[in-house]
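The values are calculated or read from the model by the stated rules, or taken from the named source; none is laboratory data. All values reported here derive from a predicted model rather than from experimental measurement. Positions of Cβ are generated from backbone atoms using ideal geometry, with glycine treated the same way; all protein chains shown enter the neighbour counts.
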Amino acid sequence: MKVKSEKKVLIVDDNPDILVSVKEGLEAMDKKIEVIPVNSGEECLSLLMNKKLLPDVILLDIMLPEMTGWEVYNRLREKEEWKSIPVVFITARTDHKAKEIGTFLGEDYIEKPFEIDELKVRIERVLRRKGV
């Protein structure tokens, strides 16, 4: 019997290995978490728009093809119903400027590679601050 998820985590990353490891890792650690993986900014926005999915948190890669994570973030903030969704940037970018911008805009900024247990702790911290 599948446990009903209490938290929905949308992960946007063009690396299929990251998508699989985060989904499998987080769901194995906590049966009340459902991870929805998508591989582009366009797919993220389409899913939110068409399925009316409102995740509790979005894990957003910065270096995406065609539409960067920064552009996705800006689009998320344009719609009233998406403004309150916390965004955690996950990225291989370690430069000071990207980290400064990501920390200012998002709820957290996590550099790749990261450990799944650390990611879970940081997601839970973000959700607690948002009252989720």
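List of remarks:
- Cross-chain or 6+ apart pairs with Cβ under 6 Å, the stretch 80-106 first and under 13 Å from ASP61 (Cα atoms), then among the basic types (Lys, Arg) and part of a loop (DSSP other than H, G, I, E, B): ALA92/LYS112
- The residues of the stretch 8-32 that are of a type outside the set (Asp, Glu), outside any helix (DSSP H, G or I) and at pLDDT 95 or above, listed by number, are LYS8, VAL9, LEU10, ILE11, VAL12, ASN15.
- Total residues in the stretch 111-126 satisfying the condition of being buried (at least 17 other Cβ atoms within 10 Å of the Cβ) and aliphatic (A, V, I, L, M): the figure is 3.
- Scan the stretch 33-53 for residues that are of a type in the set (A, V, I, L, M) and assigned to a strand (DSSP E or B) and the total you get is 4.
- Hey, ASP95 surrounded by 15 or more Cβ atoms within 10 Å (Cβ to Cβ), charged (D, E, K, R) and over 14 Å from the mean Cα position of the chain (by Cα) or not: no
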